[in-house]
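A.B. asks: One structure coming up, written as structure tokens, with questions to follow.
The values are calculated or read from the model by the stated rules, or taken from the named source; none is laboratory data. Computed from a predicted structure; not experimentally measured. Counting neighbours? That spans all protein chains shown, and the Cβs are built from the backbone with ideal geometry, glycine included. For the accessible areas, the whole protein counts, side chains as well, though only heavy atoms, and no ligand, DNA or RNA atoms are used. Shrake-Rupley method; radii C 1.70, N 1.55, O 1.52, S 1.80 Å.
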Amino acid sequence: MALYRLSFRLRQTVAYVRPLHTSGCGQQQGALAVESETRQEPFSIFRTLENDPACQSEKHVGQYYTLPSAHIHTLFPHGLPQRYQLQVKTFNEACVMVRQPALEVISCLKKADYSKPAPRFLFYGVKGSGKTMSLCHTVHFCSTQGWLVLHIPDAHLWVKNCKELLPSSYNASRFDQPLQASNWLRNFRVTNEHFLSKIKTRQRYVWTKREFTEEGRPLGELVDQGISRVKSSSDVVGAVMKELRLQSGQPEAGFRMAVAVDGINALWGKSTIKKEDKSPVSPEELTLVYNLKKMMKNDWCGGAVITALSQTGSLYTPSSAHLPQELLGEEGFDSMDPFVPVSVSNYSEKEFESCYLYYLDRHWLQHPQTRTEEGKKELIFLSNRNPSTLERLCAFL
Amino acid sequence: MAAHTSKAFLSLGRINGPGLGFHNSLTRVTYATALSTTNSTGNKGFPDRGNRGAFVRKPRREAGEPRTEKMAVNQDWTAVYSAAAPFKPGSVPLPVRMGYPVKGGVPPEKKGNLELIKIPNFLHLTPAAIKKHCEALKPFCTEWPSALDTEATLDEHFPIKLESTDYISAGTSVRNPSARIVHLKVKLSRLNLDDHARKKMLRLVGDRYCKDTDILTIRADSCPLRQQNYEYAMYLLTVLYHESWKTESWEAERTAADMDEYSWEDSPSQKNILDTLAHMKMAGEGEGEAVREELLGRPEVQEYRDSVMRLKNEGESESSMHQYREAVKKVLNL
């Protein structure tokens, strides 16, 4: 009850009066209310109307911006974390918090010189601290800027649980994974529809005795070839990557490429896939992984490589490992070197406030005690301000 | 009455009284004698064997007062127990009790207590006795040199320290096999080792070296005698020292994985950064070597090198990651 009275009093000082929205998140502290007044955002302190990542800056840190729902399916057909997808469905909107690590990378990308080799960024942090979400935020920025996005949602999926393993037609020592490759190509097509007709192949590709792709055909044809002829899909993936790599640097190409990989430590880790004689397959022997590693090198220009580590899906790594060298290993570190490591930590106090208010606003926190101060302190204590732990806790309340 | 009945049954052997249904006054008699067995003579119940000479036991003396009653409080205990002796309850003026207590009672007292006698006692080694021993030994001792008063001087003059343990126990034998073990401790900084020799020594020695205190500990216990173990330990030290100075031909086959420390020169990291800078065309015009030298000489590249070395050698931490990030940003001009 006191909350309503407080909000009534403060409402008079706010420029715009929108009673319906302010009632839900009544804890408008004095200073923040003044801030919101000057920016004329009557909705709430934790939201920002600035939905374009290019225009977001430090003063938006901790606030939620909305991803346009029409674009989510094209932008992130496979990119968002599982639980976040559920949240989007529940809340009917996709709100992403603006946080410092993503802003840092975005500002680097804004200032970077694209005639130089692609800079590489790596998000690292403890489990559940928001690495994948930061990656998705950066990818959103890249796509709003009109870049071509090569998003591999989880590289770990390529080194485990492989139902079909075929020896590669291109190189006898390697192995193909048709299912994963065709899946990825489908999602790639969804994300980058408009580029597929513009980019032309530079080389002739022969798939089988009767199938080939001529030089100068649009990339879309290549992708369709891979999706329809599942057997050669891994090689198609390799070809697509090669084409894009060669062409993005050229000044006449007119596009920039963002390679976004989550769970990049899978490329240099171990795999659980076994050959027929039960001997383990090392990641190098997989075509998809081999081609992706070539993308990771910074010998191409006109784009950026943004990656995130992930311990969650990784194989044979201890669950306490979260620092780059631990997860990448020596080989991985030497391959990625020099890269810019960006640390993603748990929520700061302001960010926690923001998240808490957002959940309150969405009526996600049903338990009456969550609205009290002690309840909030309990949440802070239990989750240690870790985003994913907080999300799981609030799911119960 | 019993005597008369026995006479009557002279010729019979052993009779089982109750079994035969006779009255209870029947006694079991194994030997029949012609003589009367009544105690008329008063000779302690023993048969009178004619006049051969009565077996007279010594008259039993009464036990006197135990010595403990007569002990003064300030007596000289070393006189009571001057050497190792079993426990004598009359000589130890302590109300000691030992043993499993009787039900609802206390452990039995010391008088006639076999438990106290069985166990070893050190009553002959009280502090007063030890003092006397020390006084007796003093004429045979020499004084500690006055110059060796601090640990530092001791370390300086006697870098090798030997440790062995002597064992005393009360038992049938004075020998203890654990007494043969010898520990030899020496600080590696006192040995004359150059860089290669030190690294080789550390590899040869393994766990025996403690990094915090810089002490190498060699434990010798394979020989049966302490002197043999001491000589073996000294031999080991000599051999280690000489071997670590030698360089074998196969040591040249060391790979990067064998190295103790990460060295940035000729590492993939150096190659990467040079390639990146070359791609960025920051080198300017020039040929091969000169360009390389120039690039390596740049301050940002040096900073980058330091941060990578720190990361690899010291391991990761927030601060080293931060340093690496700043260095990379500078080098790549982000």
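A.B. asks: Within the stretch B:314-334, restricting attention to residues that are among the small types (Gly, Ala, Ser) and over 21 Å from A:Ala112 (Cβ atoms), which residue is farthest from the other protein chains (Cβ to nearest Cβ)?
C.D. replies: Looking at the filtered set, the residue picked out is B:Ser319.
A.B. asks: Can you name every residue in the stretch A:221-237 that is open to solvent by 10 Å² or more (accessible area, probe 1.4 Å) and either out of contact with any Phe, Trp or Tyr (no Cβ under 7 Å at 6 or more places or on another chain) or assigned to a helix (DSSP H, G or I) (or both)?
C.D. replies: Once the filter is applied, which keeps residues that are open to solvent by 10 Å² or more (accessible area, probe 1.4 Å) and either out of contact with any Phe, Trp or Tyr (no Cβ under 7 Å at 6 or more places or on another chain) or assigned to a helix (DSSP H, G or I) (or both), the stretch A:221-237 yields A:Glu221, A:Asp224, A:Gln225, A:Ile227, A:Ser228, A:Val230, A:Lys231, A:Ser232, A:Asp235.
A.B. asks: Could you tell me whether any residue of the stretch A:304-323 is farther than 17 Å from A:Lys131 by Cβ, assigned to a helix (DSSP H, G or I) and touching a residue at least 60 places away in the same chain (Cβ under 8 Å)?
C.D. replies: Looking through the stretch A:304-323, none of the residues is farther than 17 Å from A:Lys131 by Cβ, assigned to a helix (DSSP H, G or I) and touching a residue at least 60 places away in the same chain (Cβ under 8 Å).
A.B. asks: For the stretch A:88-128, which positions are among the basic types (Lys, Arg) and open to solvent by less than 10 Å² (accessible area, probe 1.4 Å)?
C.D. replies: The answer is A:Arg120, and nothing else.
A.B. asks: If A:Lys274 passes every condition in (1) more than 14 Å from every other protein chain (Cβ to nearest Cβ); (2) crowded, with 17+ Cβ neighbours inside 10 Å; (3) not aliphatic (A, V, I, L, M) but one, which one does it miss?
C.D. replies: A:Lys274 satisfies every listed condition except (2).
A.B. asks: Tell me which residues, restricted to the stretch B:301-313, are in contact with a helix residue (DSSP H, G or I) (Cβ under 7 Å, 6 or more places away or on another chain) and within 11 Å of chain A (Cβ to nearest Cβ).
C.D. replies: Correct list: B:Val301, B:Tyr304, B:Ser307, B:Val308, B:Leu311.
A.B. asks: Suppose we filter the stretch A:186-221 for residues that are in contact with a His (Cβ under 7 Å, 6 or more places away or on another chain) and of a type in the set (Asp, Glu); how many remain?
C.D. replies: Residues that pass the stated criteria total 0.
A.B. asks: Within the stretch B:261-277, track down each residue that is more than 10 Å from chain A (Cβ to nearest Cβ), open to solvent by less than 60 Å² (accessible area, probe 1.4 Å) and under 52 Å from the mean Cα position of the chain (by Cα).
C.D. replies: The answer is B:Trp264, and nothing else.
A.B. asks: Open to solvent by less than 30 Å² (accessible area, probe 1.4 Å), touching a Ser or Thr at 6+ places or on another chain (Cβ under 9 Å) and within 14 Å of chain B (Cβ to nearest Cβ), is that true of A:Leu135?
C.D. replies: So A:Leu135 does not fit the description; no.
A.B. asks: So which residues in the stretch B:185-232 are open to solvent by 90 Å² or more (accessible area, probe 1.4 Å), assigned to a loop (DSSP other than H, G, I, E, B) and either β-branched (Val, Ile, Thr) or over 22 Å from B:Asp166 (Cβ atoms) (or both)?
C.D. replies: B:Asn192, B:Lys211, B:Asp212
A.B. asks: Being among the basic types (Lys, Arg), free of Cβ contacts under 8 Å to residues at least 60 places away in the same chain, more than 14 Å from every other protein chain (Cβ to nearest Cβ) and out of contact with any helix residue (DSSP H, G or I) (no Cβ under 8 Å at 6 or more places or on another chain) is the requirement here; does A:Lys377 meet it?
C.D. replies: Against the criterion (among the basic types (Lys, Arg), free of Cβ contacts under 8 Å to residues at least 60 places away in the same chain, more than 14 Å from every other protein chain (Cβ to nearest Cβ) and out of contact with any helix residue (DSSP H, G or I) (no Cβ under 8 Å at 6 or more places or on another chain)), A:Lys377 qualifies.
A.B. asks: If you don't mind, there's one more thing I want to ask. Give me the pairs, please: first residue somewhere in the stretch B:58-84 and among the aliphatic types (A, V, I, L, M), second residue anywhere and assigned to a loop (DSSP other than H, G, I, E, B), beta-carbon distance under 8 Å, and either six or more positions apart or on two chains.
C.D. replies: Listed pairs, sorted by first residue: B:Met71/B:Pro93; B:Val80/B:Met71; B:Val80/B:Ser91; B:Ala84/B:Ala170.
A.B. asks: Let me ask something else about it. Residues that are free of Cβ contacts under 8 Å to residues at least 60 places away in the same chain: find the strands (runs of 3 or more DSSP E) completely inside the stretch A:56-175 holding 2 or more of those.
C.D. replies: Counting at least 2 such residues, we get A:64-67, A:94-97.
A.B. asks: So A:Leu323 passes all but one of these: (1) surrounded by fewer than 22 Cβ atoms within 10 Å (Cβ to Cβ); (2) in contact with a Leu (Cβ under 8 Å, 6 or more places away or on another chain); (3) of a type in the set (A, V, I, L, M). Which condition number does it fail?
C.D. replies: Only one criterion is unmet by A:Leu323, namely (2).
A.B. asks: Which of (1) open to solvent by less than 20 Å² (accessible area, probe 1.4 Å); (2) in contact (Cβ under 8 Å) with a residue 60 or more places away in the chain; (3) within 14 Å of another protein chain (Cβ to nearest Cβ); (4) part of a helix (DSSP H, G or I) does A:Pro341 not meet, given it meets every other one?
C.D. replies: Result: A:Pro341 fails condition (4) only.
A.B. asks: Ok, one more. Identify all residues within the stretch B:118-147 that are open to solvent by 70 Å² or more (accessible area, probe 1.4 Å) and part of a loop (DSSP other than H, G, I, E, B); write none if there are none.
C.D. replies: B:Ile119, B:Pro120, B:Phe122, B:Cys141, B:Thr142, B:Glu143, B:Trp144, B:Ser146, B:Ala147, listed by residue number.
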